[in-house]
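These notes concern the structure reproduced below.
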Amino acid sequence: MPTMNMIQALNSALDVMLTEDPNTLIFGEDVGYFGGVFRVTDGLQKKHGLTRCFDAPISEGGIVATAIGMGAFGLRPIPEIQFADYILPAFDQLVSEAARLRYRSNGEFWAPITVRSPYGGGIFGGQTHSQSPEAIFAHITGLKTVIPSNPYDAKGLLIASIEDDDPVIFLEPKRLYNGPFDGRHEQALKTWAGDPMAEVPAGRYTVPLGKAAIVREGTEATVLAYGTMVHVALAGIEDSGVDAELIDLRSIVPLDVDAIVASVKKTGRCVILHEASRFGGFGGELSALVQERCFYHLKSAVQRVAGWDTPYPHAFEWDYFPGPARLAAALKRTMED
Amino acid sequence: MGHYPSSTSVEIMQNRPSLRLHIPEPVARPGDAPAFDRSLIPEPGDTRRPETTSAEADMRDLPFGLVRVLDDSGEASGPWNPKLPTETLLAGLRAMLLTRAFDERLFRAHRQGKTSFYMKSTGEEAIGAAQSLFLDRDDMCFPTYRVLSWLMARNYPLIDLCNQIFSNEKDPLKGRQLPILYSARDYGFYSLSGNVGSRFGHAVGWAMASAFKGGQSIALAYIGEGTTAEGDFHEALTFASVYRAPVILCVTNNQWAISSFSGIAGADETTFAAKALAYGLPGLRVDGNDFLAVWAATEWAAERARMNLGATLIELYTYRASGHSTSDDPTKYRPADEAEAWPLGDPVERLKTHMIGLGLWDEDRHAALQAELDAEVRAAVKEAEAVGTLGKSKPSVKEMFEGVFKDPDWRVVEQRRELGI
Ligand SMILES: Cc1ncc(C[n+]2csc(CCOP(=O)(O)OP(=O)(O)O)c2C)c(N)n1
Ligand SMILES: [Mg+2]
C-alpha cells in the first residue's frame, strides 16, 4: 500500500472524486495551475482540465456563495478557503444559506458542498494563520464539521464528506500535513513515513462521518481530542503516567456521543483538549454532554485544556499552544480529585 | 408546482450553442516568453488632466487612460508633470532605495532563520514613497503589507522595524503580530491585519469622521488588485460615494495575487480604475512605477477630497517584481524573466535616470547613497540581532495576555496565573 503524507492523501481523495464523479469540481484561491499554497490540489488541473480545478477571485464570500449555487444546481463543489482564518468573510453564506437551504425550502434545494480549509497553529503563523474556528461552525445547525488527524482518515473522511448531501466544513490540521506533531516543538521534525496511519489505499474508500476512533485504550480517564491535538494527547498521556483512553472524534458534527459516553462510563474521568481558545470553545459542549449523560459515573470534574482566551500570539506560539505538559498536568489533577 | 408556458420554440433551442464555463488564463506561463500584449499603456501626455473641480460625469475616459509623466528615456512631460523641487525628488529616491535595501537584507534574514516571515515590495516602492511624502502628517493611510516605503519616507526607525520582524523583547507590537504587519499611528500608518482588504472600509469611516468633525485631515487606503474581489472593496466604494468621504482609494495593481494573474480579479474585462464608474467616483489609472505620476495623481485626488468633492479611486499600475512572500516561488507559475519584460520598468531606475537627465544626480552619488543606506540597514539589523531573533528573545509572556480588552477580565487574569507569570 502506498505511504502518503496528509497532503498526498487529500490530493488522492480529490483525484479519486474528480475521476469518479463528473459533477465534482474544485475552486479556490491559487488552487488551479499552481496547485494550492499547501500543494493539496497539485496536478489536478493538469490531469482533469481547467474547469474541474481552477483559481477563484479573492472573495471567500463569493467562493462559498457560488459553490452553494452550483451545489443547488446539482454539482458537488469542493471549494478551498486558503486558511480557516479567512472563512469569516464567507460566514453569512455558510450560516444563513448553506446551513439552512434544505430546511427552509422543504428539501427543494440543498447545498452538497465540502469547504476544505487548513486550520490550527504550531507554524508561527501569527493571529491570522493559526486559528481553530471549529466551535463557531459546530454551533450552526445544518453544518457538518470534520477534522482528520492522520493521512488515512483524511482521505476517507474527505471522500465521505464530498459524497455527503449536506454542507461540510472540512478542517485540515496544517501542522500535520507533512508529519505527526505531538507538541514537543524542540524535537526534530517527524514525517509520516513509517506511521501505520500513513498507509493509504490508492483507490476509493470512506471513513464514515460521526464515527470516533479509539486511538489508545485505557481505564483511568478519557481524553477527547481531534486534529493535531490527538498527537499532543498521546504524548501528554505518556508523560502523565495515567492509563487514559484517547478518543479521536474525527468529526465534531456529527458527533459520536455514544463512543464518548461509553468511554467515560468506563473510566469515570474526562479531560478535553483543543487548540481553540477555551471560553465558548467546543470543549464546553463536550463537557456539558459528558456531565449530562455520565454524571453518576464521574469521579471528578471534567477538565478542559485549551488555548488561552487571547488572539493567537505570534511570538508566544509555545506559551499559547496547549502542549503535552498542560494535558499531563490536567490528567494528574483529575486523578487527585 | 406550477408549470410555466415556454416562449422558446424547440427550433430556437436547437440553434443555441451549448454553454461553456470560461476560466481566464494568463498569456504566459513558465517556459513561455513573457507577454504584456493585453496591457494598455499610452504615452505620457496622452491622458488629459481635468480641472480638479470637474464633474465626475465629464471624466469617464480617465479610467482607460494612464497618468504618466516620465517617458522611457526618463524625461518628464505632459499635463500631469508636478515639477517637483530637487529635495523632494531626492527624498523620494532615498525612501525607495532604503526600502529596497531593507527588503533585500530582511528577506535574507528569513532565509537565515531569524524571522518566521517576510514580504518584499520590490518594484512597487514609488507608490508609498510619493504618497507618504505628499500627504500631510495628520492624514491617515490604511496600508497593505506592500507599502513599506510609506514608513521609509517618514523616517520610521529601522530598529523598530527589525525588532518587530524578529519578534524580540523590544518588538514595538509586543510579539503579538506576525512580522511586517506593522502599526505606526504617529507615522500616519494604520494597523495591518493578515486578512487582506478588511481595512479598506476603515479608511472611509476615518474620512467620514474627519468630515463629521469639520476637520482638515483626509485618508488614503490601499488594496491589492486581487483583493478588489472582496466585498470590502465594493462596500467601501459605496460608502465613499454616498457620503462623499474625503478619501483616496488606491488599488495597487501589481498584476499578481500570489499565483493568480489579474484576470482572476477581472482584469481581462476592464480596468481596475473603471470600477469607479458604477459608483459615480472619478477613477484614475496611473503608472505606479513613475514617482512623478503617482505624486501628481495623489495631489489631484487630495485636492478634490479637501474641497469636499469626495473620493477618488486610483489604480496604480505596477508589477510585483519579487515573489509574493518568503513562502512563495513565482517561477512555478509565471515566466522567470517576466519582471524584466514589464514595459514600465523599475521605479528606482526611472527616477534615477530622470534626475541624472536634469543634472541633479550621477552614478557616483547614486552608488554612494546606496552604500550609505545599506550600511544604515545593516547597523539596524545588527542592533536588533543583539537583542535577539525569533525564538532567541521575546517580550515578557505577560504581554500575551495584555490588550485583549482595555481592562483584563477574569479569564485572562486566571489563565495568566495558571501559566505562572
Ligand atoms: C481574507 C483573506 N483571504 C485570503 C488571504 C490569503 N492571501 C494573502 S495575500 C493574498 C493575495 C493578495 O493579492 P493582491 O490583493 O493582489 O495583493 P498583492 O499581494 O499582490 O500585493 C492572498 C490570497 C488573506 N490574507 N486574507
Ligand atoms: Mg496583486
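Please treat every number below as a calculation from the coordinates, not as lab data. Computed from a predicted model, the values in this text were never measured in an experiment. Positions of Cβ are backbone-derived with ideal geometry, glycine not excepted, and every protein chain shown enters the neighbour counts.
Values as computed for the structure displayed
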{"item": "Residue exposure sequence - B:SER39, B:SER241, A:SER240, B:SER121 - by fewest surrounding Cβ within 10 Å", "result": "B:SER39, B:SER241, A:SER240, B:SER121"}
{"item": "Shielding by other protein chains, A:303-314, mean Cβ within 10 Å", "result": "6"}
{"item": "As computed over chain A, the Cα convex hull volume per residue (Å³)", "result": "125"}
{"item": "Cut-off under 5 Å, modelled amide H: who pairs with B:CYS141 long-range", "result": "B:PHE189, B:TYR190, B:LEU220"}
{"item": "Gyration tensor (alpha-carbon) shape descriptor, region A:213-336, a/c threshold 1.5", "result": "prolate"}
{"item": "Along each principal axis, Cα extent of region B:57-390, largest first, Å", "result": "57, 46, 42"}
{"item": "On Cα atoms only, tilt of A:257-267 relative to the major axis of chain A in degrees", "result": "20"}
{"item": "Debye log10 I(q)/I(0) at q = 0.19, 0.20, 0.21 Å⁻¹ for region B:55-149, Cα point scatterers", "result": "-1.08, -1.14, -1.18"}
{"item": "Where Rh is the Kirkwood radius over Cα pairs, Rg/Rh for region A:101-199", "result": "1.06"}
{"item": "Kirkwood hydrodynamic radius of the protein assembly as shown, from inverse mean 1/r over distinct Cα pairs, in Å", "result": "27.9"}
{"item": "Beta bridges per DSSP with both ends in chain B, % antiparallel, nearest 5", "result": "15"}
{"item": "Antiparallel bridges, percent of DSSP beta bridges restricted to region B:183-330 (to nearest 5)", "result": "15"}
{"item": "Acute angle (nearest 10 degrees) that the helix A:228-240 long axis makes with the longest principal axis of chain A, alpha-carbon atoms", "result": "10"}
{"item": "Nearest 10 degrees, 0 to 90: helix A:6-20 Cα axis against chain A principal axis", "result": "40"}
{"item": "Amide proton proximity set for A:ILE58, modelled H, under 5 Å, gap of 5+", "result": "B:ALA229"}
{"item": "Aspartates and glutamates whose Cα lies under 20 Å from that of A:LYS46, excluding same-chain neighbours fewer than 8 positions away", "result": "A:ASP15, A:GLU20, A:ASP21, A:GLU29, A:ASP30, A:ASP55, A:GLU80, B:GLU25, B:ASP32, B:ASP329"}
{"item": "Ascending count of other beta-carbon atoms within 10 Å, so fewest first, for A:VAL257, B:VAL286", "result": "A:VAL257, B:VAL286"}
{"item": "Straight-distance crosslink candidates among lysines, where the alpha carbon sits under 20 Å from A:LYS332 and sequence neighbours closer than 8 are dropped", "result": "A:LYS265, A:LYS266, A:LYS299"}
{"item": "Those lysines that a straight Cα-Cα span of less than 25 Å connects to B:LYS352, excepting residues fewer than 8 apart in one chain", "result": "B:LYS83, B:LYS120"}
{"item": "Amide H partners (placed H, <5 Å) of A:THR24, local residues excluded", "result": "A:ARG76"}
{"item": "Pairs of Lys in region A:94-251 closer than 17 Å at Cα, counting only those 8 or more apart or on different chains", "result": "5"}
{"item": "Antiparallel bridges, percent of DSSP beta bridges restricted to the protein assembly as shown (to nearest 5)", "result": "15"}
